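The values are calculated or read from the model by the stated rules, or taken from the named source; none is laboratory data. All values derive from a computational prediction rather than experimental measurement. Cβ placement follows ideal geometry from the backbone for every residue including glycine, while neighbour counts extend to all protein chains displayed. Please note that ligands, DNA and RNA were not included when accessible areas were found on the heavy atoms of the full protein model with its side chains. Shrake-Rupley method; radii C 1.70, N 1.55, O 1.52, S 1.80 Å.
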Amino acid sequence: MMAEIKPIRTAAEIGLAEAFAALRPRLAGTAVAPRREAAFRRFEAVGLPHRRIEDWKYTDLRALMRDAKPLAKPLSTWPDEAVKARARSAAGVLARLDVRRIVFVDGMLVPELSDLAPESGLKIASLAAALGRGDAATVACLGVGPAEGDIAYALNTAFMGDGAVIELAPGVRPARPIHLVFAYGSDRAAAVFTRSLVALGAGAGLTLFESHDGPDGVDYQVNAAIDLMLGDRAGFDHVKIGAEGRDALHLSTLSATIGAAARFADMTFTTGGKVVRNQLFVRCNGAGSSLAINGASLLNGRQHADTTMLVDHVAGHCRGREVFKAVLDDASRGVFQGKIIVRRGAQKTDARMMSRALLLSDEAEADNKPELEIFADDVQCGHGATSGALDDNLKFYLMARGIPEREAEALLIQSFVAEAIEGVGHEGARDALIEATRAWLAARP
């Protein structure tokens, strides 16, 4: 008789199972409870992703996530105003921009710090409130995009607490960008699970900023996700800034469904966090859409940042351009995994992807894995990946003209990163990212 072999569960997996069992009755939303349950069962069946799972080959979460932190406590338990004061300054590099800020602290909406004033054709609400009242439209839209099946995303579905629900009526374009500010305010380690839902009607347009900020010295954990539904002929510009504390674990998923003749632009800028994984799942359902997906990571110490992206071209006549840059100093590690799928019948697809890593030390590591899966015959697709050190000839050229070595290196690095930043359509955000790059370079020892 063969004995049943059961996998050994890690402390983090055991902690997540115990937390879900204890919190299940208190998690918001009776209507979404079956979906939470199903998502957690998917996680429970396979556990945390590890290096034997191809998509997680370079980011072994089973090894990197040693334990599961308790969920962050409600805002009502805050002892004083210190955390809110910290949250007021959490807008970071985008603080000077004229935007509508929606502030979340420890994963929960703070109305008194948020601009929730009504605007014609624009709806902004709390996800926790929507789930609490059983909003059928919100529940129906959650978890139906291309990220379904991913384990980190499944964990988010199981534990999701609060987040923003943003809906734009057809043809509406808000006067100002919306900035979702996610701040970790506690001095104690905890886990935060946020889920936001963004739905744009046909011909609508939105610029959305998303920033994540937290203190150094606290090993907190964040699992954030956004479900995006982009209607036909709609336009969406998204800039995500990761400035978590130096000991934080940050998992982020953007699950986007793109309509016909729509425009999708995304920029992910990462400087913070100990272990970071930014995931993008994009499905082009309608013909004639255009994509511009860029990213830049500036890492040092022993930081680990992973960008994993899947673009699925279901419909034809779509154009995609992806540019990712990583600057790696000390013993940091940058990972890029990008896959483009062109389905049968998605003819006239034009998709190109490039990843480049700049290694500033002998201990830094870059892992690049671009992939193409093409099932149509009338397409133009390509990918490339490079990694290397600063060009000594270019540095010598600048130094020969009187520029000190340190400044020469900074100019070359800034120029390297600029190719990704230049894709940001909002001028103020573009300038802010350039300034953030300069600040990172100035802080190099």
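With runs of 4+ DSSP H residues as the only contributors, calculate the mean residue ellipticity of the chain at 222 nm using -39,500 (n - 2.57) per run, divided by the residue total and rounded to the nearest 500.
-6500 deg cm²/dmol
Taking H as built 1.01 Å from N, whose amide H comes closer than 5 Å to the amide H of A385, not counting residues under 5 places away?
S355
Name the residues whose placed amide hydrogens come within less than 5 Å of the amide hydrogen of R233, ignoring near sequence neighbours (fewer than 5 apart) on the same chain.
The list, which skips near neighbours in sequence, is G203, A260, A261, A262.
Per residue of region 265-277, what does 6.51 cos²θ - 1.76 cosθ + 1.60 with θ = phi - 60° give for ³J(HN,Hα)? Whole Hz please, x for Gly and Pro, Karplus curve as stated.
Result, ordered by residue: 10, 9, 9, 10, 10, 10, 10, x, x, 8, 10, 10, 9 Hz.
Which residue, G145, G134, G185, has the most motion in a Gaussian network model of the chain that connects Cα atoms within less than 10 Å?
G134
In whole percent, what relative contact order does region 250-366 give with Cα contacts below 8 Å and a gap of six or more residues?
24 percent
How much of S126 can a 1.4 Å solvent probe reach, expressed as accessible area in Å² and rounded to 10?
It works out to around 20 Å².
Could you check the spin-label model distance between E148 and L411? Points 7 Å from the Cα along Cα→Cβ, value in nm.
Between E148 and L411, the label points sit 5.4 nm apart.
Using a 1.4 Å probe over the heavy atoms of the protein chains, calculate the carbon and sulfur portion of the accessible area of region 291-392 as a whole percent.
Here carbon and sulfur together make up 43 percent of the probe-accessible area.
Could you tell me which label, among (i) 27.2, 108; (ii) 21.5, 80; (iii) 21.4, 72, carries the value of Rg and Dmax of the Cα atoms in Å calculated for this structure?
Recomputing Rg and Dmax of the Cα atoms in Å here picks out (ii).
Pick from L254, L97, L398: which residue has the top mean-square fluctuation in a GNM of the chain where Cα pairs under 10 Å get a spring?
Checking each option, the largest mean-square fluctuation is seen for L398.
In percent, what relative contact order does the chain have, based on Cα pairs under 8 Å that are 6 or more apart in sequence?
10 percent
What fraction of the DSSP beta bridges in the chain is antiparallel, stated in percent and rounded to the nearest 5?
5 percent
Is there a quick way to get the dipole size of the chain? I mean about its Cα centre, with the Cβ of Lys and Arg at +1 and of Asp and Glu at -1; what is the value in debye to the nearest 20?
Its charge dipole is roughly 760 debye.
Return the long-range amide H neighbours of K339 (sequence gap of 5 or more, or a different chain), with a cut-off of under 5 Å between placed amide H atoms.
The answer is M309, L310, V311, E371.
Explain nothing, just the number: dipole magnitude of region 185-315 about its Cα centre with +1 on each Lys and Arg Cβ and -1 on each Asp and Glu Cβ, in debye rounded to the nearest 20.
180 debye
Considering only protein heavy atoms, what per residue accessible area in square angstrom results for the chain with a 1.4 angstrom probe?
Dividing the accessible area of the chain by its residue count gives 43 Å².
Could you tally the net charge around L142, taking each other residue with its Cβ under 9 Å from the Cβ of L142, Lys/Arg +1 and Asp/Glu -1?
Surrounding charge for L142 is +1.
May I ask you to order 362-369, 188-195, 277-284 by the average number of other C-beta atoms within 10 Å around their residues, highest value first?
277-284, 188-195, 362-369
Just to confirm a number: summing +1 for Lys and Arg and -1 for Asp and Glu over residues other than A117 whose beta-carbon lies under 15 angstrom from that of A117, what do you get?
With Lys, Arg at +1 and Asp, Glu at -1, the neighbours total 0.
Just order 295-302, 40-47, 13-20 by mean Cβ neighbour count inside 10 Å, highest at the front, would you?
Output ranking for 295-302, 40-47, 13-20: 295-302, 13-20, 40-47.
Given G295, L360, S255, which one lies farthest toward the positive end of the charge dipole of the chain, if we put +1 on the Cβ of every Lys and Arg and -1 on the Cβ of every Asp and Glu?
Ranked along the dipole, the leading option is S255.
At most 14 other Cβ atoms within 10 Å and a DSSP loop assignment: could you name the trypsin sites (Lys or Arg not before Pro) in region 352-401 that fit?
Passing sites in region 352-401 are R401.
Please list, in order, the residues from region 245-266 whose amide nitrogen is less than 15 Å from a point placed 7 Å along the Cα→Cβ vector of A376.
258-262
Hey, what did region 303-424 get for relative contact order, percent, Cα under 8 Å, at least 6 apart?
Here the relative contact order equals 25 percent.
Which percent of the accessible heavy-atom area of region 189-243 goes to carbon and sulfur, probe 1.4 angstrom?
In region 189-243, the share of accessible area belonging to carbon and sulfur is 49 percent.
What FRET efficiency do you get for A331 and S120 if R0 is 45 Å and r is their Cβ-Cβ distance, rounded to the nearest 0.05?
Calculated transfer efficiency: 0.30.
Where in region 112-145 is the amide nitrogen less than 18 Å from a point lying 7 Å along the Cα-to-Cβ axis of A31?
Counting backbone N atoms under 18 Å from the label point, the list is 123-145.
If you take the charge dipole of region 315-408 about its Cα centre, with +1 on Lys and Arg Cβ and -1 on Asp and Glu Cβ, which of C381, A315, L328 is farthest toward its positive end?
With unit charges placed on the Cβ atoms, the residue in question is A315.
For the chain, set up a GNM with springs between Cα atoms under 10 Å and report which of M267, M65, M309 has the largest fluctuation.
Looking only at M267, M65, M309, the biggest GNM fluctuation is shown by M65.
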